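Below is one structure, written out as structure tokens; the observations come after it.
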Ligand SMILES: [Fe+2]
């Protein structure tokens, strides 16, 4: 076997041993760190997406339409994060989420299965969850920055802005009415 054939054979063996390890210039430890951080973020995005839809479906009260529509917009924004985040992990040779059970094992955002949640509690809880998500995104950003993973940090920066905006909207919408009805 000549040198070129030998190299091809070695590459084929490596590929067979790690069929999902996409070629990357990042070290395996970097891929692992980033995948752990981003899979945690992804699990929380799915958990928060579902909770936002849950509250969209079970909203009640005089502000029903405004809150119902706002939560639908926020859920759509969260859902739009899922594919780019999962594919960033795959592009770096990591593996990503495979099931609802996998989400459940990794999510840090708590589910809310209560029979009834008041509108103000819904907005307050989502506001806290989005705020916690900003913290997780900042932590994931630090991990990616440490490994010079510019593309993931750039993606995360936009998501931090969107998550801070959702937090702001939820905070303002949940302020109690003043005496003038504003
Ligand atoms: Fe809907």
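Readers should treat all values here as calculations from the given coordinates under stated rules, not as data from a laboratory. Since the model is a prediction, treat every value here as computed from it, not as a measurement. Counting neighbours? That spans all protein chains shown, and the Cβs are built from the backbone with ideal geometry, glycine included.
Axis of helix 3-17 versus longest Cα principal axis of the chain: the two differ by about 40°, to the nearest ten degrees. Once the Cα-Cα distance is subtracted from the 0.36 nm per residue extended length, the residue 154 to residue 178 segment shows a gain of 4.6 nm. Per-residue ellipticity at 222 nm computed for the chain from its helices equals -25500 deg cm²/dmol, with DSSP H segments shorter than 4 residues left out and the rest contributing -39,500 (n - 2.57). Percent of C-alpha pairs per 10 Å bin in the chain, short distances first: 9, 32, 27, 16, 9, 4, 2, 1, 0. If R0 is taken as 22 Å, the Cβ-Cβ distance between residue 139 and residue 161 corresponds to a FRET efficiency of 0.85. Sorted fewest first by neighbouring Cβ atoms within 10 angstrom, 34, 100 come out as 100, 34. Against the chain, whose longest principal axis is taken from its Cα atoms, helix 28-57 shows a tilt of about 30°. Shape summary of the stretch 88-182, radius of gyration then Dmax from alpha carbon positions: 17.1, 57 Å.
Length gained on full extension, residue 114 to residue 66, computed as 0.36 nm times the residue gap minus the Cα-Cα distance: 15.1 nm. Ordered by the number of other Cβ atoms lying within 10 Å of each residue's own Cβ, fewest first, 160, 109 fall into the sequence 160, 109.
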